[in-house]
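The values are calculated or read from the model by the stated rules, or taken from the named source; none is laboratory data. Keep in mind it's a predicted model, so treat the numbers as computed, not measured. Cβ placement follows ideal geometry from the backbone for every residue including glycine, while neighbour counts extend to all protein chains displayed.
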Amino acid sequence: MGLTTYQRFDRVAVITITNPPVNALSAEVQEDISALVQAAMENSLVDAVILLGAGHTFAAGADLNSRRVSACAYKPTCPPNGADPDYSPHK
């Protein structure tokens, strides 16, 4: 859980997103948060969970770089999987 931290103060769990520069919510961060919230919920010594963002930004939103989809997924003119990269439907 390298992009989040977990601390407990009395009966409060504090989960901090530490994904600089803007605490983008990559798949890894989302998985970390989910696992840490689940752990806090299962801990009888925790009554509340606080989610923080390190630095000046809480969270900028989804990490679009980690969710990039090839433009070909939406274009019928792209080559079929495994096709010649020089493929063109107009040849």
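Some notes on this structure:
- Of the residues making up region 27-48, those that are in contact with a strand residue (DSSP E or B) (Cβ under 8 Å, 6 or more places away or on another chain) and either within 27 Å of N65 (Cα to Cα) or crowded, with 18+ Cβ neighbours inside 10 Å (or both) are V29, D32, I33, L36, V37, A40.
- Pairs with Cβ under 8 Å, 6+ apart, first in region 31-59 and more than 14 Å from I15 (Cα to Cα), second at pLDDT 95 or above and assigned to a loop (DSSP other than H, G, I, E, B): L45/R11
- Summed over region 17-26, the residues that are surrounded by 15 or more Cβ atoms within 10 Å (Cβ to Cβ) and either polar (S, T, N, Q) or farther than 16 Å from T5 by Cβ (or both) give a count of 6.
- Scanning region 1-28 for residues that are over 12 Å from T57 (Cα atoms) and not hydrophobic (A, V, I, L, M, F, W, C) yields G2, T4, T5, Y6, Q7, R8, D10, R11, S26, E28.
- V14 vs. criteria more than 15 Å from the chain's Cα centre (by Cα), among the aliphatic types (A, V, I, L, M) and surrounded by 11 or more Cβ atoms within 10 Å (Cβ to Cβ): yes
- Just so you know, in region 1-30 the residues that are in contact with a Ser or Thr (Cβ under 6 Å, 6 or more places away or on another chain) and small (G, A, S) include one that is farthest from G53 (Cα to Cα), and it is A27.
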